[in-house]
Amino acid sequence: MEASSSTSKSKNPQRDAAALSRRAEHVVPEGELARRLVEGRPLRVKFGVDPTARDITLGWAVPLRKLRAFQDHGHTAVLIVGDFTARIGDPSGRSETRPQLSIEVVRANAEACVAQLLQILASDNLEVRYNSEWLEPLDVGGILRLTSHYTVAQMLERDDFSKRFAGGHPISITEFLYPLLQGYDSVAVKADIELGGTDQLFNFLVARDLQRAFGQPPQIAMTMPLLVGLDGTNKMSQSLGNYVGIREAPEEIFGKLMSLPDSLVAAYAGLAADLDDDRVTELEAVAAQGGPPAGQAKRTMAGAVVALYHGAEAARRAETAFDRQFVRREAPEDISEMQVPAQSIRDGRVHLPGALVALGLASSRSDARRLIRGGGVRLDGRSVTDEEVEASLMIGSTLQVGKRRFVRISSAESLRPFD
């Protein structure tokens, strides 16, 4: 994607503010964006990513695409990689304490995330900052100065904290520190605007208070709706496994989106596919009919999402692959060939749970057994219910695990007893 040639000088601040806040859930304070656009300078628009996982999901992409819109209007995207705060874990929306991550895991995740972000953001007006730069040097005195600006009563106004406190669930002091540390990020980079999901509003307002305390104009807090995940219930989350990653294969993205409930077609069309409002309204009406019309609306949405990240031709191929596999019940054309692992063979029989793990088709033997018991493992289209299979039956067969994973068994490795 190429950055727009637009500049930050706005000829019509009200119109530009309306365009930049399109589909936003909150803009606090109201009217402030138009007033800042009048200043005619590039605004510093902050977006923070805590690299607690390695993939950029369609949920994360919602505020990221809004950040790209600001870039296209000539403003500066200030991407905060929370390599320090990720070690604490954002308590937003959590009913329990989030486990802390090691420095090594956070750094690996950060490297993977930043590489993917350039699929969405322009590189020429992008500033990438790691918050360990200013948070690690804070001594006890610096931390105490931060905490002096907020009270426990103010922290308990936050919905997730108040629910946990009322329910007798523990809240660590470290979690109380998180909104202050995130707010200090805004002070460090002199943010004009902060973007994020609706669950971040409290943190953004804390940042406004801290900026005032440090003698800075308080940032505008802009939140975008949260994208519900594939389960149709919870926020899209890698920890819940209900997510779609932007770098997943086109066929995988299309297939996952086709599994969504009909009721989410409009939300995904607007937030994940970024279709125009009239098209979203049209798809919402079609999806409400249920049955084949809803399926067609879902195809349109899924194709638009794939095209956004992989191009129109990839979207067409993904839809064709979906029809081959799920409509005509045919195996995909391009299937990897693999050998039956030798350690999974004994007396001419394949120990299927061990083979699935060795082939990367199951995360553990218990996971493999669950798939087998649930009818999720097939050989040439026939369900496999036994944990041991004749090796001769597997050679040359197509092994299917779940709905979208296929391998063709070409041969067996040199046989030796498995342990």
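The values are calculated or read from the model by the stated rules, or taken from the named source; none is laboratory data. Model, not experiment: these values are computed from the prediction. Neighbour counts are summed over all protein chains in view; Cβ atoms, including those assigned to glycine, are modelled from backbone coordinates with ideal geometry. With ligands, DNA and RNA removed, areas are computed over all heavy atoms of the protein, side chains included. Shrake-Rupley method; radii C 1.70, N 1.55, O 1.52, S 1.80 Å.
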Exercise for the section: Report the calculated FRET efficiency for Ser410 and Glu136 (r = Cβ-Cβ distance, R0 = 51 Å), to the nearest 0.05. Expected result: 0.50
Handout entry: Which of Ala34, Thr174, Ser237, positive extreme of dipole for the chain (C-beta unit charges)
Key = Ala34
Handout entry: Filter on Lys46/Lys235; Lys11/Lys235; Lys190/Lys298; Lys46/Lys163; Lys163/Lys403; Lys11/Lys46 - keep pairs with C-alpha separation over 32 Å
Key = Lys11/Lys235; Lys190/Lys298; Lys163/Lys403
Handout entry: Accessible area (Å², 1.4 Å probe, nearest 10) - Glu136
Key = 100 Å²
Fill in the blank from the handout: Comparing His351, His75, His26 in a Gaussian network model of the chain (Cα, 10 Å), the one with the largest mean-square fluctuation is His351
Fill in the blank from the handout: Expressed as a percent, the accessible surface of the chain that is carbon or sulfur, using a 1.4 Å probe and the full set of protein chains, is 50 percent
Practice task
Compute the accessible area per residue over region 241-319, keeping the other protein chains in place, probe 1.4 Å, unit Å².
Solution key: 41 Å²
Exercise for the section: Show me 276-286, 42-52 ranked by packing, highest mean number of other Cβ atoms within 10 Å first. Expected result: 42-52, 276-286
Problem - Extended-chain gain in nm, criterion 0.36 nm per residue less alpha-carbon gap, Ile395 and Arg324 - result: 23.2 nm
Completion exercise
Checked against the positive end of the charge dipole of the chain (+1 on Cβ of Lys and Arg, -1 on Cβ of Asp and Glu, about the Cα centre), the farthest of Ala110, Phe161, Ala122 is Phe161
Fill in the blank from the handout: Rounded to the nearest Å, the spacing of the alpha-carbon centers of region 144-162 and region 251-279 is 38 Å
Exercise for the section: Springs between alpha-carbon atoms under 10 Å, Gaussian network over the chain: tell me which of Ile220, Ile103, Ile56 tops the mean-square fluctuations. Expected result: Ile103
Fill in the blank from the handout: Computed about the Cα centre, the charge dipole of the chain from +1 Lys/Arg and -1 Asp/Glu charges at the Cβ has a magnitude in debye, to the nearest 20, of 260 debye
Handout entry: Cβ-placed point charges (K, R +1; D, E -1), dipole of region 187-320 about Cα centre in debye, nearest 20
Key = 300 debye
Exercise for the section: Count charges around Asp367 for me, please; just the other residues with Cβ under 14 Å from its Cβ, Lys/Arg as +1, Asp/Glu as -1. Expected result: +4
Exercise for the section: At 10 °C and 1.306 mPa s, grab the translational diffusion coefficient of region 255-360 from Stokes-Einstein with a Kirkwood Rh over Cα pairs, rounded to a whole number in µm² per second. Expected result: 99 µm²/s
Completion exercise
Note, Pro353: beta-carbon cut-off 9 Å, +1 each Lys/Arg, -1 each Asp/Glu, net 0
Practice task
Let me have the relative contact order for the chain, percent, based on Cα pairs under 8 Å that are six or more residues apart.
Solution key: 13 percent
Handout entry: Value of relative contact order over region 160-272, rounded to a whole percent, pairs C-alpha under 8 Å and six or more apart
Key = 18 percent
Exercise for the section: Pull out the extension gain between Gln216 and Val152, defined as 0.36 nm times the separation in residues minus the alpha carbon to alpha carbon distance; nm, one decimal. Expected result: 20.7 nm
Exercise for the section: Apply the membrane-span-like helix rule to the chain: whole DSSP H runs, Cα extent along the own long axis of at least 24 Å, mean Kyte-Doolittle hydropathy at least -1.0. List the helices found. Expected result: 173-189, 291-310
Exercise for the section: Once you have the Cα-Cα distance between Asp277 and Ala108, take 0.36 nm times their residue separation minus that, and quote the gain in nm to one decimal. Expected result: 57.0 nm
Completion exercise
The summed charge of the Val114 Cβ neighbourhood (under 12 Å; Lys/Arg +1, Asp/Glu -1) stands at +1
Handout entry: Residue with peak Gaussian network fluctuation, the chain [Cα springs, cutoff 10 Å], from Val114, Val350, Val28
Key = Val350
Exercise for the section: Treat every Asp and Glu Cβ in region 2-85 as -1 and every Lys and Arg Cβ as +1, leave all other atoms uncharged, and give the resulting dipole magnitude about the Cα centre to the nearest 20 debye. Expected result: 320 debye
Exercise for the section: Give the Rg/Rh ratio for the chain, taking Rg as the radius of gyration of the Cα atoms and Rh as the Kirkwood radius, to two decimals. Expected result: 1.03
Handout entry: Inter-label distance for Arg35 and Thr233, nm, one decimal - labels placed 7 Å from Cα along Cα-to-Cβ
Key = 4.4 nm
Handout entry: Computed [θ] at 222 nm, deg cm²/dmol, the chain (DSSP H ≥ 4; -39,500 (n - 2.57); rounded to nearest 500)
Key = -12000 deg cm²/dmol
Practice task
Take region 99-176, compute every pairwise Cα distance, and split them into 5 Å bins from 0; I just need the percent in each bin.
Solution key: 3, 10, 14, 15, 15, 16, 16, 9, 2, 0
